Amino acid sequence: MAANNRRMSGKKGAQVGSGGNRRRGLEGKGPTPPAEARKGHVKNRIATAKAKKAATGRRGTPKGRGGKGTSEMVVGRNPVFEALRDGVPASTLYVQQFIDNDERVREALQLAAERGGIHLMEAPRPELDRMTNGLNHQGLVLQVPPYEYAHPEDLVAAAFDEGQDPLIVALDGVTDPRNLGAIVRSVTAFGGHGVVVPERRAAGMTAGAWKTSAGTAARTPVARCTNLTRALEAYKKAGVAIVGLAADGEHEIGDLEALNGPVVIVVGSEGKGLSRLVGETCDFRVRIPMPGGAESLNAGVAAGVVLYEASRRRA
């Protein structure tokens with residue numbers, strides 16, 4: 001009983017010592033590291049940003065900063081041949097086992113071999129059927145890797161780095177990849193610095209867009225944004241004029257002085273034109289005079305007309 005009373009008394013008994021650990025814990029940890037090496041310090045953040053800038057890729061655009069698209073399959077003998085001929089990026093060419101070796105198959109294999117970097121894989125017909133969800137692949141399937149989009153800010157930064165006024169085209173509701181490819185081609189032809197597309201409900205850089213661009217997509221970056229209105233607002237803060245194309249625009253392209261300087265040309269869909277929020281964000285709404293009486297132009301053609309006018313003024 002006495003032993004139990006001692007255990008319940010609440011008095012502290014002898015304690016095990018720290019073995020000198022507490023004393024060693026009070027010892028110094030060496031000299032304080034410089035500010036650049038201390039995580040969270042403003043100088044550390046500056047140094048990190050400089051390191052990232054030094055690792056920047058082509059034209060000042062960090063690889064993949066704007067996100068990646070999805071991989072794509074081109075199926076059929078003629079489509080595969082045309083994609084290879086037109087320089088569409090490709091990672092693997094799948095060929096059906098025991099395929100009839102006609103002229104188109106031989107040409108596709110020859111192009112793939114000449115380009116280099118394209119893996120040739122032989123696969124049984126059931127496997128190609130599964131890969132293409134039962135499409136009529138005719139024994140040839142070309143895998144197109146995901147497109148690496150730029151970031152909208154990088155297009156402006158690249159132009160200023162080259163000592164030029166930015167000339168950019170933004171697409172609002174354009175869903176046809178062929179229109180996107182044609183606009184990329186026009187931007188390249190008239191000395192523009194890139195194209196901006198929304199992430200949703202818009203055409204992306206598919207094999208069709210690559211083909212229509214006639215290879216110029218390899219030189220002119222396409223940027224992708226989650227919200228086009230916010231991207232345009234950011235451009236305005238950077239001192240870039242936002243010019244929207246509209247059939248009922250208040251200005252004609254021949255009279256708009258804004259095309260002389262840094263500008264983003266916004267092209268709407270053929271059916272609905274500019275969306276309300278995007279139209280309200282534009283600094284100017286411009287129309288293309290059409291004495292022939294046509295109500296509207298194809299999105300790619302309209303973009304080409306305005307790009308030519310901007311390029312002519314800058315020459």
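The values are calculated or read from the model by the stated rules, or taken from the named source; none is laboratory data. Predicted model only: the values in this text are computed from it and were never measured. Glycine gets a Cβ as well: all are built from the backbone with ideal geometry, and neighbour counts include every protein chain shown. Surface accessibility is based on the protein's heavy atoms, side chains included, excluding ligands, DNA and RNA. Shrake-Rupley method; radii C 1.70, N 1.55, O 1.52, S 1.80 Å.
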> Pick from the range 184-206 the residues that are free of Cβ contacts under 8 Å to residues at least 40 places away in the same chain and of a type in the set (D, E, K, R): which of them is most open to solvent (accessible area, probe 1.4 Å)?
Replying inline: 201
> If you go through the range 132-177, how many residues are within 26 Å of residue 271 (Cα to Cα) and among the small types (Gly, Ala, Ser)?
Replying inline: 2
> Does residue 124 satisfy the criteria of being of a type outside the set (Phe, Trp, Tyr) and either surrounded by 15 or more Cβ atoms within 10 Å (Cβ to Cβ) or closer than 20 Å to residue 263 by Cβ (or both)?
Replying inline: no
>> Condition (residue is over 23 Å from residue 274 (Cβ atoms) and more than 22 Å from the chain's Cα centre (by Cα)) applied to the range 181-190: is it met by at least one residue?
In response: no
> Pick from 129, 161: which is out of contact with any strand residue (DSSP E or B) (no Cβ under 9 Å at 6 or more places or on another chain) and open to solvent by less than 70 Å² (accessible area, probe 1.4 Å)?
Replying inline: 129
> Does any residue in the range 282-303 that is within 14 Å of residue 169 (Cβ to Cβ) come within less than 9 Å, Cβ to Cβ, of a residue that is open to solvent by less than 30 Å² (accessible area, probe 1.4 Å) and part of a loop (DSSP other than H, G, I, E, B) six or more places away or on a different chain, and which pairs are these?
Replying inline: 282/246; 286/246; 286/249; 286/256; 299/174; 300/174
> What residue, of 244, 271, 249, is under 22 Å from the mean Cα position of the chain (by Cα) and closer than 25 Å to residue 176 by Cα?
Replying inline: 244
> Given the residues 159, 214, 203, which is the only one that is at pLDDT 90 or above, in contact with a helix residue (DSSP H, G or I) (Cβ under 8 Å, 6 or more places away or on another chain) and of a type in the set (Gly, Ala, Ser)?
Replying inline: 203
> Can you pull out the strands (runs of 3 or more DSSP E) entirely within the range 231-315 that have at least 3 residues that are open to solvent by less than 60 Å² (accessible area, probe 1.4 Å)?
Replying inline: 241-245, 263-268
